[in-house]
Amino acid sequence: MSGEERGWWVVMVVMTVAASGHSQGLGDVHTSAASVARLVEAEQAIVAALQDYVTKEDARLEVIRRYVESWRGSAADYVHNPINSYFFMRRLTQEFLPVQDALHPPSTADLHENMSSLRGNQNLPKETDLNGVAFALVRLQDTYNLTVDDLVEGDIRGRKAVQVLSADDCFRLGQQSFNNLEFDLSEQWYRKGLQLLGSQQPLTQEEQTRIERVSRQQEHRVLMSKMVAQMARHSNSQMLDNFSGLGIPISFQQQIYANHKGAEAVKRLDELYRRLCRGEQIQPPEAFIGMKCGYVFGGSAYHRLMPFKAELRWADPIIVVYHDVLTETETEAVKQLSLPHLTTTMVHSFTTHQIRKSLARVGKTAWVRRGDDPTVDKILQRIEDMTGLSTLTSEDLHVLNYGIGGHYDAHVDFFDLEDKSLDKTPHQGDRLATMLFYLNDVEAGGSTVFPTLGLEVAARRGSALFWFNLKRNGRGDYRTVHAACPVLLGREMDC
């Protein structure tokens, strides 16, 4: 099974009053499991080419090494003993010939050509991707209460990494935490990095000097973090509104909005989100009384014989999970259709009315249109059979592929178009309902959670999650606020 097949894939279909436009994206490598999987294949080719080069170099150097090790005696030994003279002449005539050939390294033109080809054909990671993965680890640490010590040892819930983190790795995670305003976590990582650096005994003068330098820098970061929060706290409300949708850490928002209405509600929502992602039970057992499973026969004669397996997860608003509605062949078809078109996920800011990248949503997306493939048409027809709703005015299939630490913070899918302050130009109608298909299983994490309801839905390959975004009066139902938890182990793709 390839890396793409193991990815975390989701297909989202949004039923609207009328169709809406598509988002655009950029090309970050680390945000998509499919992109990372392609990089793994590229590195395998690079390693194979380098291994072939190393093998040839080892053979060449072995010829030279044998000649050097076979040298014995001094000039007098070779001159005075005729047998030694024979050996000497043999060495210079027969044995030195292979050495002469070995002194000319094999041509690296083919190797350079292969490497150039790989660089040209692959979107190889950059420093920004490494930093993105570093902060993804911090996000997982924060969401799932992972300890710094466990992460340094490469241990995530008993699964060991191929090696441990170094002091330099800790400093990188600390710097990325700081850059993304996670000041408390930044301090933890710098402290751990200094501990690892100081444990190398005996310390050289250079190492001691470095410890002192990093310690001073960390003191400056602590002071700077307080100053940044102080400046933001006294900024005007328009500046504060620009934080909306950017994935700014709740801990930092709490400092900024300390005297602003709604700060506690934001903090509470974030706490519920994290607890649900960790698998904690929020609602008492009696809250789920009346939730049941059954068969839905749909609107076609075919489904009278093969009904849908439906599980009611919440009654008001209605949230339903349909089990085993996509076959393995269909999930693979959707993945393959979307792979060439994956772009970095963007979000729409309701304050600036701009489309932009955001730490609140980390992953890649692609749009698969009606008519692109018979599988797409089958899925859209199946949605109509399951829900009784028309897909003629729905958006195209929106395929999401989450990479390392990929997630989507709490949000709603509707636009609440009755709000006159919103720009209606890109949207001719609001989003009535959402159908979310899971294209693969996830080992840990990756659930869809509804924080205000205390509901968590695990990703299961071939299943679909459905809910209405709007109330009967056409206004948005804010109880449907939901989020995609970060992928802890494995990868996720859905649509």
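The values are calculated or read from the model by the stated rules, or taken from the named source; none is laboratory data. Not measured: the values here are computed from a predicted model. Note that each Cβ is placed from the backbone with ideal geometry, even for glycine, and that neighbours are counted across all protein chains shown.
Among the residues of region 295-335, what is the count of those that are in a loop (DSSP other than H, G, I, E, B) and of a type outside the set (Ser, Thr, Tyr)?
Residues in region 295-335 being in a loop (DSSP other than H, G, I, E, B) and of a type outside the set (Ser, Thr, Tyr): 13 in total.
So which of Leu436, Leu380 is modelled with pLDDT of 90 or more, outside any loop (DSSP other than H, G, I, E, B), hydrophobic (A, V, I, L, M, F, W, C) and crowded, with 22+ Cβ neighbours inside 10 Å?
Result of the check over Leu436, Leu380: Leu436.
Quick one: Met231 ticks every box in (1) over 28 Å from the mean Cα position of the chain (by Cα); (2) at pLDDT 75 or above except a single one, so which number is it?
For Met231, the failing item is (2).
For Ser338, work out the one condition from (1) assigned to a strand (DSSP E or B); (2) at pLDDT below 95; (3) not basic (Lys, Arg) it doesn't fulfil.
(1)
Met291 versus (1) at pLDDT 70 or above; (2) in contact with a Leu (Cβ under 6 Å, 6 or more places away or on another chain); (3) surrounded by 15 or more Cβ atoms within 10 Å (Cβ to Cβ): which is the lone unmet condition?
Tallying (1) at pLDDT 70 or above; (2) in contact with a Leu (Cβ under 6 Å, 6 or more places away or on another chain); (3) surrounded by 15 or more Cβ atoms within 10 Å (Cβ to Cβ), Met291 fails exactly one: (3).
Inside region 56-96, can you point out the residues that are surrounded by 10 or more Cβ atoms within 10 Å (Cβ to Cβ) and at pLDDT 80 or above?
Listed by number, the residues that qualify are Lys56, Glu57, Asp58, Ala59, Arg60, Leu61, Glu62, Val63, Ile64, Arg65, Arg66, Tyr67.
So in region 143-189, with the set limited to residues that are in contact (Cβ under 8 Å) with a residue 60 or more places away in the chain and part of a helix (DSSP H, G or I), which one is nearest to the chain's Cα centre (by Cα)?
Thr143
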